[in-house]
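The values are calculated or read from the model by the stated rules, or taken from the named source; none is laboratory data. In this text the structure is predicted, and so the values were computed from the model without any measurement. With ideal geometry, Cβ positions are generated from the backbone for all residues, glycine too; neighbour counts draw on all protein chains shown. Side chains included, ligands, DNA and RNA excluded: accessible areas come from the protein's heavy atoms. Shrake-Rupley method; radii C 1.70, N 1.55, O 1.52, S 1.80 Å.
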Amino acid sequence: MTRSGITLRMLLILFIGTFVAMTFSGCATSFDKRGKYHTVRSGESIWRISRAYNVDLQELAEYNNIFSPNDAQPGKRLYLPPKEKTAGYKKLPLGMSAKESRRYAKSSKKKSRSKSIKTFHGKFIWPVDGKLTSPFGIRGGRRHDGIDIAAKSGTPIKAAGSGRVVFSGKMRGYGNLILIRHGDDFFTAYAHNKSNKSKKGQTVKKGQVIAYVGRTGRSTGPHLHFEIRNGQKARNPLFFLPQRK
Ligand SMILES: [Zn+2]
């Protein structure tokens with residue numbers, strides 16, 4: 001399959017963090033040696049820790065699966081994500097109009113400081129029914145930029161939201177991969193698929209079958225590696241999916 005330079009450049013922008021280091025690890029993870037750790041002490045709030053280290057509260061919460069301040073109990077070891085490099089932000093996901101591009105550049109530059117932890121349960125739907133086998137965040141010093149959901153090979157994968165397929169093909173480490181672009185600079189990625197059903201350029205509806213669960217790429221067993229990106233920033237899918245009991 002031949003890919004245009006445009007597609008490759010766009011993917012590099014989207015997956016800049018995970019792309020390079022992926023060949024060293026099992027799933028779509030990247031080494032993160034620049035981040036720090038902090039163990040919560042009695043009387044410390046997640047908000048205070050975020051201020052003390054000058055880390056955005058929302059980012060700190062998402063990396064550590066802290067959905068409310070009560071989840072940060074004393075003794076919990078927190079990963080403090082390093083400052084994102086902003087240099088790449090001027091490059092834009094291609095396929096945007098000039099107007100969209102300007103808006104994107106503007107929103108990327110905006111320095112946001114979360115005052116409280118926000119969840120967006122229900123913005124997207126679960127792409128497959130299955131067991132959550134690996135959360136978003138840090139494991140053994142490695143960053144996992146998505147979640148893993150185990151399911152039988154061949155289980156249909158549904159689009160987590162309506163949008164347009166911007167990539168459908170193979171990628172090193174990810175195996176068969178589908179990328180969907182939604183509104184508001186949100187993207188979702190579906191990796192290790194047995195096969196892809198949707199084609200690049202296709203418009204898909206929320207819940208529509210786009211691929212089937214497999215174990216292509218670097219994968220130890222059949223599962224879906226699912227990512228949510230806002231621009232190029234990996235977000236914790238569990239903050240955006242309906243809560244499970
Ligand atoms: Zn994964």
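Can you list residues from other chains, or at least 5 along the same chain, whose modelled amide H is less than 5 Å from the amide H of residue 128?
HN-HN under 5 Å from residue 128: 158.
Explain nothing, just compute: Karplus ³J(HN,Hα) = 6.51 cos²θ - 1.76 cosθ + 1.60, θ = phi - 60°, for every residue of region 41-49 in order, whole Hz, x for Gly and Pro.
So the Karplus estimates, Gly and Pro as x, are 9, 4, x, 8, 9, 4, 5, 5, 5 Hz.
What is the percent carbon and sulfur in the accessible area of region 35-80, measuring with a 1.4 Å probe over the protein chains and ignoring ligands?
47 percent
Each residue of region 232-244 in turn: what ³J(HN,Hα) in whole Hz from Karplus with 6.51, -1.76, 1.60 and θ = phi - 60°, glycine and Pro shown as x?
Here the 3J(HN,Hα) series is 9, 7, 6, 10, 6, x, 5, 7, 10, 8, x, 5, 10 Hz.
Each label point is 7 Å from the Cα along the Cα-to-Cβ direction; what then is the distance between the points at residue 41 and residue 152, in nm?
Modelled inter-label distance: 5.3 nm.
Quick one: accessible surface of residue 62, probe radius 1.4 Å, all protein chains present, in square angstrom to the nearest 10.
Accessible area of residue 62: about 10 Å².
Output wanted: per-residue J couplings in Hz (rounded whole) for region 60-70, from phi through Karplus 6.51 cos²θ - 1.76 cosθ + 1.60, θ = phi - 60°, x for Gly and Pro.
Per residue, the Karplus-derived 3J(HN,Hα) values read 4, 5, 5, 5, 10, 6, 9, 8, 8, x, 5 Hz.
I need the trypsin sites (Lys or Arg not before Pro) found in region 138-181, filtered to DSSP loop residues with at most 13 other beta carbons within 10 Å of theirs.
152, 172
Longer than 20 Å from Cα to Cα, which of 123/158; 205/233; 170/194 are they? Say none if no pair is.
Violating the 20 Å limit, Cα to Cα: 205/233.
Tell me which residues come under 5 Å, amide H to amide H, from residue 138 once H is placed; ignore anything under 5 positions away on its chain.
144
Under 13 Å from a point 7 Å along the Cα-to-Cβ line of residue 220: which residues of region 114-142 have their amide N that close?
Counting only backbone N, you get 133-135, 140.
How big is the C-alpha Rg of region 35-80 next to the rule-of-thumb value 2.2 N^0.38 Å, as a ratio? Can you show the working numbers first?
Details: Rg = 9.0 Å, N = 46, 2.2 N^0.38 = 9.4 Å.
Dividing the Cα radius of gyration by 2.2 N^0.38 Å gives 0.96.
Show 145, 56, 71 ordered by accessible area, largest first, where the area counts protein heavy atoms only and the probe is 1.4 Å.
Values: 145 0, 56 40, 71 65 Å².
The most accessible residue leads, giving 71, 56, 145.
Fully extended, how many nm does the chain gain between residue 230 and residue 56 (0.36 nm per residue separation, minus their Cα-Cα distance)?
On the way: separation 174, 0.36 × 174 = 62.64 nm, distance 1.53 nm.
Length difference between fully extended and current span is 61.1 nm.
How big is the C-alpha Rg of region 205-245 next to the rule-of-thumb value 2.2 N^0.38 Å, as a ratio?
For region 205-245, the normalised Cα radius of gyration is 1.40.
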